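What follows is a set of notes on a single structure, which appears directly below.
The values are calculated or read from the model by the stated rules, or taken from the named source; none is laboratory data. What you are looking at is a predicted structure, and each value in this text was computed from that prediction instead of being measured. Don't worry about glycine lacking a Cβ; one is built from the backbone with ideal geometry, like all the others, and counts go over all protein chains shown. When the accessible area is computed, the model is the full protein with side chains, heavy atoms only, and any ligands, DNA or RNA have been set aside. Shrake-Rupley method; radii C 1.70, N 1.55, O 1.52, S 1.80 Å.
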Amino acid sequence: MLGVLSCLLLLNAAVTYFVFPKEDSQAYKQLTWHNLQPEQIPAWVAKGKTVFVDVSADWCNICKANKDRVLHQAVVVERLKNKDMLLMRGDLTQSDARIEAYLARYQAYGVPFNIVYSQAQPNGLVLPRVLSIDDLLSALPPRG
């Protein structure tokens, strides 16, 4: 029984390693993130920027999974590094009335919360709580 369990664990690890995209947390750490300032978003969009907002918290397991499975992936990091992108982060590790008011505008009362603002979506396109690479990349404008 132990041998079968070991084989299944090894098979799962191999599939995960070869099938899922590779994590690039070092490249992710090099991205420039700005503190969330919702009042500035319309001006950035008017200047032709796409604004990606990530609101998360250190204690949030879904947030951590979104980072590991999506935001740290090389293909995503490459798109977020685009010169036409502006990245904003809201941290709700500690309660923050300003960020909570921002979330309430979208009837989102917790984390994670991700939204993309662009010229095509100036009011923002809210992404699913559990992110996927396809959801995020399809919300971003085509590379220019």
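Some notes on this structure:
- Residues in the range 33-75 that are of a type in the set (S, T, N, Q) and under 15 Å from the mean Cα position of the chain (by Cα) were compared, and the one that is farthest from E100 (Cα to Cα) is Q73.
- Matching residues, the range 36-55, being open to solvent by less than 10 Å² (accessible area, probe 1.4 Å) and farther than 17 Å from A120 by Cα: L36, D54, V55
- In the set (1) more than 19 Å from L31 (Cα to Cα); (2) under 15 Å from the mean Cα position of the chain (by Cα), the condition left unmet by M85 is number (1).
- Note on the range 109-133: residues that are surrounded by 15 or more Cβ atoms within 10 Å (Cβ to Cβ) and either modelled with pLDDT under 95 or within 22 Å of V45 (Cα to Cα) (or both) amount to 11.
- Failed condition for L136, given (1) in a helix (DSSP H, G or I); (2) modelled with pLDDT under 95: (2)
- Considering the range 111-123, and only residues there that are of a type outside the set (A, V, I, L, M, F, W, C) and touching a residue at least 24 places away in the same chain (Cβ under 8 Å), the residue that is farthest from A74 (Cα to Cα) turns out to be P122.
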